Structure formats: structure tokens, C-alpha cells
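Step one of this worksheet: look at the structure below.
The values are calculated or read from the model by the stated rules, or taken from the named source; none is laboratory data. Computed from a predicted structure; not experimentally measured. Cβ sites come from the backbone with ideal geometry, for glycine too, and all protein chains shown count toward neighbours. Accessible surface is based on the protein model in full, side chains and every heavy atom, while ligands, DNA and RNA are left aside. Shrake-Rupley method; radii C 1.70, N 1.55, O 1.52, S 1.80 Å.
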Amino acid sequence: FLPDICVGKATIDSFAPTIRICKYIDAPDATLFSSMRAMEGAISSIVTLVTSCCAPGKTHEVTADVCIPLIVLVLILTAPQTLPSRIRLILEFIVPVLELSSLGYALTTFEASAEQIHHEYALM
């Protein structure tokens, strides 16, 4: 289910920075805002990873279709215990202006990834 751009180029070790960031989302002392910032950082790390998989001088548009499968992989490797409830809590208390920011995009991407894991793999 990995995007073609990453097949044969991205190794599990290349996901280490994103995994470290995602572990913070599950930290007991993480606030809702810091969890959103960690999600944003994980998306940024994924964009960097995809960019590094491109041939020199070439670019690849990093859309949700690229990010979601990679975030699914990272979430499976990270196995966060509180992610679904943390996402629901953030959605309940999010300030509307944040929904339209990069933090909102990251939250939506993580929500879609968690839903995919829950419905397709029954892991969360």
C-alpha cells in the first residue's frame, strides 16, 4: 500500500524521525495543541522522506494520497494507545481557525490514517 515513489527507496530506518515524533503524540504529558504540533511535525517529516526518495532534480507532489499510507505505516510501527481518543478530544475542542491551518491538515490526515487502520486492519 506504499506510494510508488517510496517503494524500494524508503527503509524502515528512514521512518525513524517520524516514529520518534509520533511517539510524542501518545505521551501522557502532551497537551492537545502539542499533539497537533507533533502531527504537523510528522507530516513534515513524511514530506522530507518522500522528497529524498525522488531522483535528483525531480519533485513529487506530496498529497494526502501519499501521506496517509505512510502515516498508516508509522502508526502501525508506533502503536499509539491513545491516538483515537486524543483525536476525538482535539476535534471536540479545536478552535475553528486551526481547522484551516497546517495543524488542521495534519489532524485530518492522522484522523483518516487512524480510521483506515481501524476499519481495514482492525488494529486500533
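Springs between alpha-carbon pairs under 10 angstrom, Gaussian network model over the chain: which of Ala42, Ala27, Ala79 fluctuates most?
Sorting by GNM fluctuation, first place goes to Ala27.
How large, in percent, is the carbon and sulfur part of the accessible surface of the chain at a probe radius of 1.4 Å?
After summing per-atom areas, the C and S share lands at 60 percent.
For the chain, go through all pairs of different Cα atoms, get the mean of 1/r, take its inverse, and jot down that Kirkwood value in Å.
So the Kirkwood estimate lands at 14.7 Å.
What does the charge add up to near Ile90, with Lys and Arg as +1, Asp and Glu as -1, over the other residues with Cβ less than 15 Å from its Cβ?
-3
Along the Cα→Cβ direction, 7 angstrom out, place labels at Ser34 and Tyr105. What is the inter-label distance in nm?
It is 2.5 nm.
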